[in-house]
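The values are calculated or read from the model by the stated rules, or taken from the named source; none is laboratory data. What you are looking at is a predicted structure, and each value in this text was computed from that prediction instead of being measured. Here the Cβ positions follow ideal geometry from the backbone for every residue, glycine too, while neighbour counts run over all protein chains shown. Ligands, DNA and RNA are excluded from the accessible area calculation, which covers all protein heavy atoms including side chains. Shrake-Rupley method; radii C 1.70, N 1.55, O 1.52, S 1.80 Å.
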Amino acid sequence: QVSTQSTGKKEKERMPSVIEDWWKNLPVVTKWYTTACLLTTLAVYLEIVHYLDLYLNFELVARGEIWRLATNFLFFGKFGLSFIFHMVFLVRHSRLSEENSFRGRTADYIFMWLFGASLLLLFDFVFWYIRVPPAYLPLFLGPSLSFMIVYVWARRNPHVRMSFLGLFTFSAPYLPWVILGLELTIDKSGSIYDLMGIAVGHLYYFLEDVYPRTSGRRLLKTPGILKQIFDPPVGAPVNLAAVPPPQEIHN
């Protein structure tokens with residue numbers, strides 16, 4: 001009995017360490033976006049903020065509530081099956097992308113997120129401008145953004161074989177459509193978010209991967225300021241004139 005209690009205590013002590021190690025090993029963009037989403041959802045759950053203060057509303061944005069342009073990407077709904085579903089797929093495929101096709105290219109990865117977020121905001125603005133009924137107007141674009149990440153990863157890994165609950169196998173490019181079908185069984189109203197993510201993801205994939213191969217031109221270019229901040233040149237020369245002389249040490 002003492003041995004069992006000791007083992008149980010060790011397991012409880014190990015759990016926080018495992019979670020901490022998992023979080024530390026996430027690449028930087030995936031880590032901080034996931035953290036922001038979890039903290040936002042927790043704040044809503046604890047009633048620190050209300051989700052109505054976060055959703056996208058262009059009339060309120062025009063009145064000065066510009067934070068809604070960002071906060072609508074951080075809330076995936078209350079804790080539940082749909083929330084877990086989106087977060088698991090987001091973390092998994094964002095990490096795979098960041099550690100593989102975007103390895104050493106943090107600025108390019110951030111630019112992809114900014115490109116996707118900007119287009120989603122544009123689409124939502126068009127829906128609002130043409131007076132789409134409120135019931136069909138996307139209020140939180142985080143699910144669409146995460147679906148874009150999944151779509152781009154899937155298209156860039158055409159030879160990866162995947163399995164759905166061991167029932168059938170398929171190649172990675174079909175993953176977004178499998179997820180869409182599963183999403184329809186959970187929450188039919190969420191399909192519009194997934195379709196928006198697919199549309200934006202396909203546009204990015206075409207402009208970034210397909211068009212440059214066929215035309216020899218590149219339309220999408222990561223702004224230099226992002227590269228300077230997140231991907232500074234390795235071994236860049238140091239301006240010695242800007243370095244103050246060492247101070248003398250007096251004993």
For Arg161 and Leu122, compute 0.36 nm times the residue count separating them, minus their Cα-Cα distance, and round to one decimal in nm. 10.6 nm
State in Å² the accessible area per residue of the stretch 142-223; use a 1.4 Å probe, count heavy atoms of protein chains only, and round to the nearest integer. 51
Accessible solvent surface per residue of the stretch 50-121, calculated while the other protein chains remain in place, 1.4 angstrom probe, Å²: 48
Protection proxy ranking of 176-184, 46-54 - average other beta-carbon atoms within 10 Å, highest first: 176-184, 46-54
Apply the Karplus curve 6.51 cos²θ - 1.76 cosθ + 1.60, θ = phi - 60°, to the phi angles in the stretch 19-26 and return the couplings in whole Hz, x for Gly and Pro. 5, 5, 5, 4, 5, 5, 7, 5
Give me the percent of the accessible area of the stretch 64-192 that comes from carbon and sulfur atoms, probe 1.4 Å, all protein chains in place. 69
Determine the alpha carbon to alpha carbon distance for each of Lys24/Lys221; Lys78/Lys221; Lys24/Lys227 and list only those over 28 Å. Lys24/Lys221; Lys78/Lys221
Summed over the other residues with a beta carbon less than 15 angstrom from that of Cys37, with K and R at +1 and D and E at -1, the charge totals +4
Cα-based shape type of the stretch 91-167, given that a ≥ b ≥ c are square roots of the gyration tensor eigenvalues and the cut on a/c is 1.5: oblate
